[in-house]
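> Mind having a look at this structure? Questions to follow.
The values are calculated or read from the model by the stated rules, or taken from the named source; none is laboratory data. On a predicted model such as this, the values are computed, not experimentally measured, just so you know. All Cβ positions, glycine included, derive from the backbone under ideal geometry; neighbour counts span all protein chains shown. Quick note on the areas: whole protein, heavy atoms, side chains included, nothing else; ligands and nucleic acids left out. Shrake-Rupley method; radii C 1.70, N 1.55, O 1.52, S 1.80 Å.
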Amino acid sequence: MDRPPESPQPTIRADLAHKADLRARLFKALALTALGSAALLCGLLLFFLWRFTFVGLPPLPDADRLWSLNRPPGITFLDRNGAVIAVRGSRHGSAVRLADLPPFAPRAFLAAEDRRFYGHMGVDPVGIARALRADLKAHKVVQGGSTITQQIARGLFLTPNQNLKRKFQEAVLALQLEGRLSKDAILELYLNRIYFGAGAYGIDAASRTYFGKDPRRLTLAEAALLASLPKAPTRLSPANNLEAARRRAGIVLGLMRKEGWIDAPAEALARAHPASLAPEPGGEGDLGYGLDLAAFEAKARAAGRAPDLVVRTTLDPALQRAAADAVRWAVAEGRPRGVTQAALIALAPDGGIAAVQGGLDHRDSPFDRATQALRQPGSAFKPFVYAAALEDGIKPTDVRADSPVDIKGWRPQNFERGYLGNVTLTDALAKSINTIAVRLTQEVGPDKVAALARRFGISTAPVHATPAVALGAYEVRLAELTGAYQVLQRGGGQTPPFLVTQVSDARGQVLWKRPDTPPYPVFDGPRALELTRMMQGVIEHGTGRRARLDRPAAGKTGTTQDSRDAWFVGYTPDWAAGVWLGDDRNGKLDGLTGGDLPAMAWARFMTVAHAGLPVRDFGPAGPARADPRAGFYTSLADELEAAASSPLPPAGEEGARRAAMGR
C-alpha cells in the first residue's frame, strides 16, 4: 500500500527572527530614551519654574507685622497750638475689626472683589475660569481673577508690574497666607491695608477721608461706594469722579442683592440715597492751600531722614475758616463785575501765617494765588514810595503839587482824572494821588524805591526801575506784599512770612526747628510809625474807608490799570492781612477798586480775627537807629521842597490815554 504524502514542514528563517528581535529592542530603547528625556525635560521645567517663582520671593513675616509692613509714609499736620488738623500723603487710621463694622460693609467688599472668598484656599480656579471666559468674550480684559488674599499678597510684598512671575509669586504667597491666617483675619487685614485713593489706606482712613465719619457708622450706600474703589482707586476716586464711583457702587449693590446679602428694600433705599462726600476728601476743608505749603517745606527740611513726618504749623483753623468765608463772599459779590477768584493771607505779628486762602476752592483749583500768583499791585505799592521819601528826609506834612506830570511822554493821571493843587503827603497817600507818588519817585529815584521794596521783602521788585514803579507797574505776590507791610507794623523789622515751625518724625525726634530770631531791622522805627499814621488816614478818610474797624488800623488800596486787579492790604497792632480780587484769565473788572470789595472782605476777616481782643493803638516805635545820612537829609529837605514847588510840564491828551489809572 502506498503511504500518503507527508505535509510540508514550515521553514524557519533565522534572519527574520533576528530582525524582529532587533526592532523590539530598538523600540524599547527609544521608548526608554523618550521617557527619560521627557522626565529630564519635566525636571528641568520644574526646576526653572521653581527658580522663576521662588527666587526673590519675599518671606512671609509674623502675622502681627503684616499690619504695618511696607506702609507708605504720611504727614501729620499740627496747628499753632499743637492740635492735629490733618493727615496727608498716606492716611492709615485705626485698625477696625469685622465685628465693629455693620454686617453689610465686609459683604460689600466680598461682592465687589471675591464672592467665593470663604470657599477657596487663596487661589480660586473657578474665579479664574470665569474671568478668562469674560475676557475672551469681550476680546479684552474686563474681569480679574485675583482673590482678596492674592490682592493682599500683591499689595504687601510685590510690585504692581503685570508679568507672569509676579502672578506665580502672588499665588504662592496667597496660599501661604491662607495656611497661616483664618479667613476672618485675612479679610480684616484686607480691609485695613487696601488702598482707597486720595492717600487713604484702610477702611477707617477711607471712611473719614470721603465721608468724614467713623466706619462703624457707614451706610449701605457708603459701604458700596468704598467697596468699588480698590479695583481702580485713582480712576474711580469720588474726589475725581463722584458719578463714576456711584455707578460702580450701584453694581456692587446689585451683586449683594444677587448673593442674598441684602434684600430688595435695602437696595432700593441705598440707590435712592447715594453716598455724598464730606466737604473735601481728606478732611482738609479750607486748609488745603496751607497744607500744600507746609508739606513742601517739611519734605525739604526733613531731607529724606524719616518716612513719616509730624509738622507743626502756624495755622489757626478758626481764622482759616474766616479767610475762606471772606474770599467766597467777595467772589460771590464781585462775580457780576468780572471777579472769578480771590485770595487772602493773614500774618501774626511774628510773621507766622495764620490763614492762607489761595482761591475760591482748593479742590477745584489748588493753584495758590496768595503765594504763587504774580499780579501788578497798582497803588498798593505806594507805601514803599512814601517810605523811601521819608527815609530821604521828606516829612508827612510836606506839600507837593497835584498837577499834570510828563516824563518823556509818560503822563500818568489820577483815578478821578482831576487835580487838587497843593496837597500834603499825608492827604496824598490817603487819597491815592498818582501824580504826587510819581513826583516823589522822581525825587528819590526809582531805583531807590525798588531797592527799599526788596529790603522790605518783595523779591520781584526790579533792580533797575522806571518811574512807573510808583504806580505798582511790577508784579508781586500777595504774601510778600503783605509781609512787606508788616515791616511797618513791627516798627521797621523784617521777617519773611513763614508757616512751619518744627518738623519731627513719627517717634517725636525733632528733625528741624525754626530758629527763634528777632526781625531784621530794615527801616527806621519812628519813620515806620509816621508812615503807619499816614496809612491810618487811608482807612479813616481816604480810599479805604470801607475797611474801617472798631480799632486803629492802617492800610492801602490798590487797583491796576484797566481795573484788572483789586487789592487791599492792611494791619493792626495784632494782625496783618492782604486781599486780592481778580480773574485768572486777566479779564477786566467792571469798575471795581481796591477800596470796594477787597476793603470790605479785609474788614470782614479782621473783625473775626480781633473778636475778643482788647483795642490797642499803634504804640511808639522803639528808639531810632543811628542814621549816618541824617545830616544829609537836613540839608537836602529844603532843596527837595524848593524843587517840588515847580511843577513838571503839563500833560497832553495823547499821553493821558496811556497813563496808569491805578488807585
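> With every protein chain kept in place and ligands, DNA and RNA left out, what is the accessible area per residue of segment 504-618? Probe 1.4 Å, answer in Å².
42 Å²
> With viscosity set to 1.567 mPa s and temperature to 4 °C, compute the Stokes-Einstein D of segment 214-336, Rh being the Kirkwood radius across alpha carbon pairs; µm²/s, no decimals.
For these conditions, the coefficient is 73 µm²/s.
> Could you let me know the centre-to-centre spacing of segment 353-384 and segment 449-523, using Cα atoms, in angstrom?
If we compute the Cα centre of each part, the gap is 14 Å.
> For Ala373, what is the net charge nearby, where nearby means another residue's Cβ is under 12 Å from its Cβ and Lys, Arg count +1, Asp, Glu -1?
Values: positive: Arg369, Arg375, Arg477; negative: Asp368, Glu475, Glu480, Asp565, Asp583, Asp584.
Result for the neighbourhood of Ala373: -3.
> So for the pair Ala306, Arg116, with labels modelled 7 Å out along Cα→Cβ, what separation do we get in nm?
4.8 nm
> Which peptide among 380-389, 194-203 comes first, and what is the full order, when sorted by highest mean count of other Cβ atoms within 10 Å?
380-389, 194-203
> Which is farthest toward the positive dipole end of segment 445-514 among Gln489, Thr460, Ala450, measuring Cα position about the Cα centre, with Cβ charges +1 (Lys, Arg) and -1 (Asp, Glu)?
Towards the positive end, the residue furthest out is Gln489.
> Can you pick out the pairs among Lys395/Lys556; Lys513/Lys556; Lys395/Lys448; Lys448/Lys513; Lys395/Lys588; Lys448/Lys588 whose Cα atoms lie more than 28 Å from each other?
In this structure, Lys513/Lys556; Lys448/Lys513; Lys395/Lys588; Lys448/Lys588 exceed 28 Å between Cα atoms.
> A follow-up question, please. Roughly how many whole Å is it from the C-alpha centroid of segment 270-329 to that of segment 538-590?
Computed from Cα coordinates, the inter-centre distance equals 27 Å.
> Rounded to the nearest 10 Å², what accessible area does Ser37 have for a 1.4 Å probe in the complete protein model?
Ignoring ligands and nucleic acids, Ser37 comes out at about 60 Å².
> Taking R0 as 41 Å, what's the FRET efficiency between Glu243 and His541 from their Cβ-Cβ distance, rounded to 0.05?
Approximately 0.15, to the nearest 0.05.
> Determine Rg/Rh for segment 440-591; Rg is computed over alpha-carbon atoms and Rh is the Kirkwood hydrodynamic estimate from the same atoms.
Over the Cα atoms of segment 440-591, Rg/Rh equals 1.02.
> Given a Förster distance of 25 Å, report the FRET efficiency between Arg328 and Arg533 from their Cβ-Cβ distance, rounded to the nearest 0.05. Before the final figure, lay out each step's value.
Values: r = 34 Å, r/R0 = 1.35.
After rounding to 0.05, the efficiency reads 0.15.
> Between Lys513 and Thr460, what is the label-point separation in nm under the 7 Å Cα-to-beta-carbon projection?
3.6 nm
> Output the peptides 213-222, 609-618 sorted from most to least packed, where packing is the average of other Cβ atoms within 10 Å over each peptide's residues. Mind showing how you got there, number by number?
Details: 213-222: 18.7, 609-618: 12.8.
Descending mean neighbour count gives 213-222, 609-618.
> Which distance in nm do the two modelled labels at Leu32 and Glu475 give, with both placed 7 Å along the Cα-to-Cβ direction?
Going from the Leu32 label point to the Glu475 one covers 8.8 nm.
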